[in-house]
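Student: Here it is, the structure in full.
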Amino acid sequence: KMAFASHSHRDPSGTYTFSSRPRAVENRSKYSETTKRHYGNIMYDRRVVRGNTYAKHILPTTAQPDPAEIRRQQANRRRAIARKQAREQFRPNTPEALEGRKHTDVQTELYLEELSNIIATTDIECQTDPFLDRPATPLFIPAKSGKDVETQIEEGELFDFDIEVQPVLEVLVGKTIEQSLLEVMEEEELACLKAQQRAFEELRNNELAEVQRLQEMERRHNEEKERRIAQQREVLRKEKEIAEKIAARAYTQQYLAGLLPAVFTSLRRHGYFYNPVEKDIETNFFPWLMDEVNNRVERRYTAREILDTMIYDVTQKRLERFNEEETQPEKSDS
């Protein structure tokens, strides 16, 4: 392949121009390359309309794409990139040039094209005629055709007003009288309809008043019925409460009859009811007495220990003295 550079620059006048180097025309096949088509089940294709097309479901413009379709497209794109990279990796490349040589791009097409950096240009000029104003369009006058003929008509030969106006007057008068009669009949009919309407409205108003009276009476009866029912329910509720209170009072009296002695006995047994003198003796006198007794016993025990110690010391001393007295005669005899 050959690399061709393109140039773009801006003229001092501000016009943008673009130019590229010429290149050879690529050889293209007459027919398009056959690509492998992937066929699927049209029963699951979202582009196929099922059922009545009049009730076609139109997706909104802001509808989110199918995540499964997006994942499938991404997987296909990744596989295509991987195949392209594999083909490029296994494609035979041109070997490196030998030392002192270099590769040069050449045209291998059937028809060669001269390559040049200079673009061939030619100047062509054209001069138009001076602008001329269009003349005004003349008035169209058709050409005269036929022959001119004249005749003389005397007064009263073609039209007599007194005779010709009679049918017109008869029609006008007849239509006027007919229209007047229709208007009178229409007014009478409207008056009759208004009278019937007034009678119907009076009858309807009377019926509405009667209906309202009946509805009001029915409403009063219902309110009275509901009030009586509420009063009866309130009486039954009060009677039930009174019966429950009486039963609770009787049960409470029966339960408390043996509860009070048992409670007092239990409280007295646990020391809640006590004699002040006895309580004072138990809480104040007995502790003091026990402390004094303990002190006396401890002093007596201490005195006994001291006496025992003294007796033991005296006994030890007498024993030592006795042993010394026995050893002295033995020494004297020897």
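The values are calculated or read from the model by the stated rules, or taken from the named source; none is laboratory data. Fair warning: this is a prediction, and the values are worked out from it, not measured in the lab. A quick note on method: Cβ atoms are made from the backbone with ideal geometry, for glycine too, and the neighbour counts reach across all protein chains shown. We work out accessible area using only protein heavy atoms, side chains counted, and drop any ligands, DNA or RNA first. Shrake-Rupley method; radii C 1.70, N 1.55, O 1.52, S 1.80 Å.
Student: Extension gain LYS144-TYR312, at 0.36 nm per residue separation less the Cα-Cα distance, in nm?
Tutor: 41.6 nm
Student: Please turn the phi angles of segment 207-215 into ³J(HN,Hα) values with the Karplus equation 6.51 cos²θ - 1.76 cosθ + 1.60 (θ = phi - 60°), one per residue in order, whole Hz, x for glycine and proline.
Tutor: 5, 5, 4, 5, 5, 5, 5, 5, 5
Student: Taking the Cα centre of segment 276-324 as origin and charging only Cβ (+1 Lys, Arg; -1 Asp, Glu), how large is the dipole, in debye to the nearest 20? Kindly include the intermediate steps, with their values, before the conclusion.
Tutor: Values: 8 positive and 11 negative charges, 67 e Å.
Result for segment 276-324 is approximately 320 debye, rounded to the nearest 20.
Student: If you add up the charges near GLU224, with Lys and Arg at +1 and Asp and Glu at -1, over every other residue whose beta carbon is less than 14 angstrom from its beta carbon, what do you get? Can you show the working numbers first?
Tutor: Details: positive: ARG219, ARG220, LYS225, ARG227, ARG228; negative: GLU216, GLU218, GLU223, GLU226.
Residues close to GLU224 contribute a combined charge of +1.
Student: Please give the contour-minus-distance gain from GLU189 to ARG77: 0.36 nm per residue of separation, less the Cα-Cα distance, rounded to one decimal in nm.
Tutor: Working: separation 112, 0.36 × 112 = 40.32 nm, distance 8.68 nm.
That pair, GLU189 and ARG77, stretches by 31.6 nm at full extension.
Student: Roughly speaking, what is the stretch gain from GLU201 to ARG220, that is 0.36 nm per residue apart minus the C-alpha to C-alpha distance, in nm to one decimal?
Tutor: Stretched out fully, the GLU201 to ARG220 stretch lengthens by 4.1 nm.
Student: How high is the FRET efficiency from ALA230 to LEU260, r the C-beta distance, R0 41 Å, rounded to 0.05? Before the final figure, lay out each step's value.
Tutor: Values: r = 43 Å, r/R0 = 1.05.
Efficiency for this residue pair is about 0.40.
Student: Here's something else I'd like to know. Would you mind working out the accessible area per residue for segment 182-279, using a 1.4 Å probe, and quoting it in Å²?
Tutor: Working: 9240 Å² over 98 residues.
Here the residues of segment 182-279 average 94 Å² of exposed surface.
Student: Another question, then. Of the GluC sites (Glu not before Pro) in segment 144-195, which ones lie in a loop per DSSP and count no more than 15 other C-beta atoms within 10 Å? Don't skip to the answer; put the middle values down first.
Tutor: On the way: sites: GLU150, GLU154, GLU155, GLU157, GLU164, GLU170, GLU178, GLU183, GLU186, GLU187, GLU188, GLU189; in loops: GLU150, GLU154, GLU155, GLU157.
Loop-located and lightly packed - GLU150, GLU154, GLU155, GLU157.
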